[in-house]
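The block underneath contains the structure these notes are about, expressed in structure tokens.
The values are calculated or read from the model by the stated rules, or taken from the named source; none is laboratory data. Predicted model only: the values in this text are computed from it and were never measured. Cβ placement follows ideal geometry from the backbone for every residue including glycine, while neighbour counts extend to all protein chains displayed.
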Amino acid sequence: MSNRIRTILEMIKFEHSVFALPFALTGALLAARFTWHGWPTWRQFLWIVVAMVAARSAAMTINRIADVRYDRENPRTAQRALAIGALSKGFAWLFTAAAIAVFFLSAWQLNPLALKLAPVALAVLFFYSYTKRFTNWSHLFLGFALGISPAAAWIAVTGHLDLRMLILCAAVTLWVAGFDVLYACQDVDFDHRAGLFSVPKRFGIATALLIARAMHVGVVALLAWLAASFVLPWPAWLGIVVVAALLTYEHSLVRPDDLSKLDAAFFAMNGYISISFLLFWGTAAALWKV
């Protein structure tokens, strides 16, 4: 039983939930502080976390179902659970249905607008899995799938949306898209053979690295815009400096002729970035004189 659970968690890359969840929680903190000068309730925090994990679990499983043929053919992914038959497609579909049910339950527990928008959120998440078949910019679709999380958390807390949260959504979109461009550099040869699309395949690895850097410069600029628009106190600005420094270090690990440190750049650094952002912006929310 424990082995099966580990296999499921590996299929959905459960540990990667840390990438988007801190941005969603930041959106929830800002929403409560800005609208009623308080904090989200524990009940809201709980259902936001459950909703995020459920939606991401469903999306990752759909991604694995959609890409099972490519996973089998790609040496980097050939040992994934569905590719080797450790889990069946039938089980994956049942798991997806269960995750969707939990997601809708979470949205229902939050507020009516969250429930109404739940199908839209799932449509965005599921659509990404097919974009690499027809566009070089699938990285932006992945970024947007995670980028909607701060706006969703704001809606979960308040029942409406402040349009300034779209700035944070754009920042998360570019952040995720940038590191996905980096990650896609290792699959250039396979993408050529399989007829798939990506920025590294279209422009080459060297140019792809420059595009990823440009995206991450955009992240810093958007975070500064958001901090200024809400007039957030100094910890938010210090957090932006920390994020910029970590992004700079992330890019220093990857060169066109040396992708050996790509896993470190992708997994460790992005976890540090998202958690650091939550800590600094959470502190800023606590000191915020709204």
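Could you tell me whether segment 42-58 includes any residue that is assigned to a loop (DSSP other than H, G, I, E, B), free of Cβ contacts under 8 Å to residues at least 12 places away in the same chain, out of contact with any Gly (no Cβ under 9 Å at 6 or more places or on another chain) and under 13 Å from A153 (Cα atoms)?
No: segment 42-58 contains no residue that is assigned to a loop (DSSP other than H, G, I, E, B), free of Cβ contacts under 8 Å to residues at least 12 places away in the same chain, out of contact with any Gly (no Cβ under 9 Å at 6 or more places or on another chain) and under 13 Å from A153 (Cα atoms).
May I ask you to list the residues in segment 221-236 that are in contact (Cβ under 8 Å) with a residue 24 or more places away in the chain and within 30 Å of G204 (Cβ to Cβ)?
Correct list: L222, L223.
Looking at segment 73-86, which of its residues are surrounded by 16 or more Cβ atoms within 10 Å (Cβ to Cβ) and either out of contact with any helix residue (DSSP H, G or I) (no Cβ under 8 Å at 6 or more places or on another chain) or within 22 Å of K132 (Cβ to Cβ) (or both)?
Restricting attention to segment 73-86, the residues satisfying the condition of being surrounded by 16 or more Cβ atoms within 10 Å (Cβ to Cβ) are 74, 77, 80-83, 86.
N74, T77, R80, A81, L82, A83, listed by residue number.
Of the residues I148, I211, which is in contact with a Cys (Cβ under 9 Å, 6 or more places away or on another chain) and β-branched (V, I, T)?
The conditions single out I148.
Output the qualifying pairs, or none if there are none: Cβ atoms under 8 angstrom, residues six or more apart or on different chains, first residue in segment 84-96 and of a type outside the set (D, E, K, R), second residue loosely packed, with under 12 Cβ neighbours inside 10 Å and part of a helix (DSSP H, G or I).
From residues that are of a type outside the set (D, E, K, R), there are no pairs.
Looking only at residues in segment 237-271 that are in contact (Cβ under 8 Å) with a residue 60 or more places away in the chain and more than 19 Å from the chain's Cα centre (by Cα), which one is surrounded by the most Cβ atoms within 10 Å (Cβ to Cβ)?
V254
Within segment 193-220, can you find the residues that are free of Cβ contacts under 8 Å to residues at least 40 places away in the same chain and under 19 Å from the mean Cα position of the chain (by Cα)?
Hits for segment 193-220 are I211, A212, R213, A214, V217, V220.
Looking for something crowded, with 20+ Cβ neighbours inside 10 Å, acidic (D, E) and touching a residue at least 24 places away in the same chain (Cβ under 8 Å) - is there at least one such residue anywhere in segment 158-168?
Looking through segment 158-168, none of the residues is crowded, with 20+ Cβ neighbours inside 10 Å, acidic (D, E) and touching a residue at least 24 places away in the same chain (Cβ under 8 Å).
Quick check: is even one residue across segment 232-243 within 18 Å of V176 (Cβ to Cβ), part of a helix (DSSP H, G or I) and out of contact with any Phe, Trp or Tyr (no Cβ under 9 Å at 6 or more places or on another chain)?
Looking through segment 232-243, none of the residues is within 18 Å of V176 (Cβ to Cβ), part of a helix (DSSP H, G or I) and out of contact with any Phe, Trp or Tyr (no Cβ under 9 Å at 6 or more places or on another chain).
This table checks each residue for (1) among the acidic types (D, E); (2) in a helix (DSSP H, G or I); (3) touching a strand residue (DSSP E or B) at 6+ places or on another chain (Cβ under 7 Å); (4) modelled with pLDDT under 95.
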site	(1), (2), (3), (4)
F197	no, no, no, no
P200	no, yes, no, no
L209	no, yes, no, no
V219	no, yes, no, no
L222	no, yes, no, no
L226	no, yes, no, no
Y249	no, yes, no, yes
D263	yes, yes, no, yes
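Among (1) within 26 Å of R33 (Cα to Cα); (2) over 14 Å from the mean Cα position of the chain (by Cα), where does W175 come up short?
With respect to (1) within 26 Å of R33 (Cα to Cα); (2) over 14 Å from the mean Cα position of the chain (by Cα), W175 is out only on (2).
Would you mind listing the helices (runs of 4 or more DSSP H) fully within segment 69-165 where at least 1 residues are acidic (D, E) and modelled with pLDDT under 95?
Helices (runs of 4 or more DSSP H) meeting the threshold: none at all.
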